[in-house]
Amino acid sequence: MREAAQYYNEQLLKIVAYGLCVMVPAWLFFSNYSLLLLTVDWGGRENLINILLNILMFVIFVRPLFSLYKRVSVSDELEFKEMIKEFIWSIGPLFAIGLFFSALVYGGIFAFYVPGILIAPILFILPFMYSGTRSIRAWIKSSIDFYINHFVQVWIQIIFWSSIVTLVWAGVLYITSFLEMSYDAYNITRLVFSLVIFPFIVFSLSEKFLSMTEEVEDEWTN
């Protein structure tokens, strides 16, 4: 995590630019659907869909940040325009396959519960294993193989970061509870929180994933 923090500080300008140019517009787009889900009553299903929608946002945002971490971790550079290109080229496959696995998670939770929970971590692995030079079948297979081979480590990372985010966000809400915040102010606070903590989480996960994998370098190509 120390290296992740170091690279995060070194690449802060690119991270902020990526957040403003890519994450903010996409977040505003998806947040409209999140707000719409709050107005419906589907017997609790709307809450699960909202969670899966937020996970999908994680999936489509990860790849450029992961590539940035890979480059700087070997004393190389990744230009900002390359990050934008990678986002554009990866968003389609990541969203489509992410949506497919989200449907499996949704069906697994409401039909059998446990299978849905077991499938869910694959969503987090997909962007780290994605490569435009590989077939979709090979991409999905490598993601599943990685999950099976590192089952415990993957769950430890998910539980750890979910707990950290929950605790930090609870602290932010506690501090801001003394202020009279409008709904717009609340959304801005949540957006700023996401822009700050999300790239650091991706850098930390990138560090862990790269250390866990024993695949050759071309399995992680851009």
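The values are calculated or read from the model by the stated rules, or taken from the named source; none is laboratory data. Everything numeric here is computed off the predicted structure, so don't read it as measured data. Please note that ligands, DNA and RNA were not included when accessible areas were found on the heavy atoms of the full protein model with its side chains. Shrake-Rupley method; radii C 1.70, N 1.55, O 1.52, S 1.80 Å.
With all protein chains kept in place, the per residue accessible area of the chain amounts to 55 square angstrom at a probe of 1.4 angstrom. Diffusion coefficient of the chain by Stokes-Einstein, Kirkwood radius over Cα pairs, 37 °C, 0.692 mPa s: 178 µm²/s.
Measuring nothing but protein heavy atoms, the accessible surface of the chain at 1.4 Å probe radius is 68 percent carbon and sulfur. How large is log10 of I(q)/I(0) for segment 54-142 at q = 0.14, 0.18, 0.24 Å⁻¹ when the intensity is taken from the Debye formula with one equal scatterer per alpha-carbon? The calculated log intensity ratios at q = 0.14, 0.18, 0.24 Å⁻¹ are -0.53, -0.79, -1.17. Anything over 23 Å Cα to Cα? Flag those among 14/141; 141/208; 70/208, in the order listed. 14/141, as the Cα separations exceed 23 Å there.
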